[in-house]
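Read the structure below first, then the notes.
The values are calculated or read from the model by the stated rules, or taken from the named source; none is laboratory data. Note that the structure is a prediction, hence the values are computed from the model and not measured. A quick note on method: Cβ atoms are made from the backbone with ideal geometry, for glycine too, and the neighbour counts reach across all protein chains shown.
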Amino acid sequence: MIPAIGSSVFDTTVSQTRAPSVTDGMASVDRARGADFNEFSNILSRVMVDAANTVKAGEATSIQGLNGKASTQAVVDAVMSAERTLQTAVAVRDKAVAAYMELSRMAI
């Protein structure tokens with residue numbers, strides 16, 4: 001089963017954000033937009049750090065397996081987790097590039 005990517009991070013962020021009300025001024029709306037951007041960039045950076053750590057752990061476990069310090073099951077689990085993480089990162093990158101290409105084709 002594939003675990004959710006940073007599910008605890010997203011759950012807390014979604015529950016803490018709120019839409020600006022009509023009585024909030026334009027200044028507070030602008031501040032809210034800046035805060036949302038900072039939260040999104042923080043979440044994205046944490047997800048990427050977690051992905052890099054997963055790949056590093058897979059490499060370290062495979063090296064330990066070659067040295068006879070890790071079981072075959074541990075090596076397979078770590079390598080499969082790293083592969084899943086890499087495939088997810090590539091899929092996200094492909095979607096971002098496709099979105100950028102779609103935006104660049106739009107008429108102004």
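Among the numbered conditions (1) at pLDDT below 90; (2) part of a helix (DSSP H, G or I), the only one that D77 does not meet is (1).
Table: residues versus (1) modelled with pLDDT of 55 or more; (2) under 28 Å from T88 (Cβ atoms); (3) among the hydrophobic types (A, V, I, L, M, F, W, C); (4) not in a loop (DSSP other than H, G, I, E, B).
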residue: D11; (1), (2), (3), (4): no, yes, no, yes
residue: E39; (1), (2), (3), (4): yes, yes, no, yes
residue: D50; (1), (2), (3), (4): yes, yes, no, yes
residue: A57; (1), (2), (3), (4): yes, yes, yes, yes
